[in-house]
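As structure tokens, the structure follows; a few thoughts come after it.
The values are calculated or read from the model by the stated rules, or taken from the named source; none is laboratory data. Treat the numbers as computed from the prediction; the structure is a model and nothing was measured. FYI the Cβ positions are ideal-geometry reconstructions off the backbone, even for glycines, and counts take in every protein chain you see. Ligands, DNA and RNA are stripped out before the accessible areas are found, and what is left, the full protein with its side chains, is counted by its heavy atoms. Shrake-Rupley method; radii C 1.70, N 1.55, O 1.52, S 1.80 Å.
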Amino acid sequence: MSDHRLREALDTLKDSGVRITPQRHAVLEFLIDSMSHPTADDIYKALESKFPNMSVATVYNNLRVFREIGLVRELTYGDSSSRFDCNTSEHYHAICNNCGKIVDFHYPSLDEVESLAEQVTGFDVSNHRMEVYGICEECKSKH
Ligand SMILES: [Zn+2]
Ligand SMILES: [Zn+2]
């Protein structure tokens with residue numbers, strides 16, 4: 001399954017004319033395997049032993065390239081560092097208040113909310129983000 005997604009992602013890179021370097025390949029593979037919405041720093045730490053010449057900035061640059069061609073989504077949370085999500089289908093997030101873990105879940109897209117918001121505010125609504133917060137299963141079992 002993740003092999004298939006990796007192949008598809010590599011095809012998207014190729015089609016966009018992006019050179020596939022060993023680092024890019026590794027960053028992409030890590031993102032697809034992890035499903036944990038890592039930060040650039042997480043990715044850097046996971047791969048630094050394999051690529052001693054890589055810096056956090058390189059990881060960021062690769063992530064920016066992936067974002068621009070629609071392979072990943074960047075999730076920003078105020079001051080804390082962005083998390084990267086390679087699941088680009090419509091989905092929502094549950095976020096643990098204790099450990100910060102982000103877990104995907106699916107729910108029929110809230111189109112009515114967007115159209116109501118347009119009526120009420122006069123905005124042209126382009127998208128929305130919804131998150132639920134709480135304590136994850138793992139943290140619950142530790143208490
Ligand atoms: Zn947790
Ligand atoms: Zn996600």
Pairs returned, first residue in region 90-109 that is closer than 17 Å to Cys139 by Cα, second residue that is more than 9 Å from ligand 1 (Cβ to nearest atom) and of a type in the set (Lys, Arg), beta-carbon separation under 7 angstrom, 6 or more apart or interchain, are Ile102/Arg83
Heads up, the helices (runs of 4 or more DSSP H) in region 7-112 (entirely inside) with at least 3 residues that are surrounded by 13 or more Cβ atoms within 10 Å (Cβ to Cβ) and either polar (S, T, N, Q) or in contact with a Gly (Cβ under 8 Å, 6 or more places away or on another chain) (or both) are 56-68
Output for Cβ contacts, cut-off 8 Å, separation at least six or different chains, first residue away from ligand 2 (no atom under 15 Å from the Cβ) and of a type in the set (S, T, N, Q) in region 59-73, second part of a helix (DSSP H, G or I) and open to solvent by 10 Å² or more (accessible area, probe 1.4 Å), reads Asn62/Gln23; Asn62/Arg24
Restricting attention to region 113-129, the residues that are under 25 Å from Asp85 (Cα atoms) and open to solvent by less than 60 Å² (accessible area, probe 1.4 Å) number exactly 3
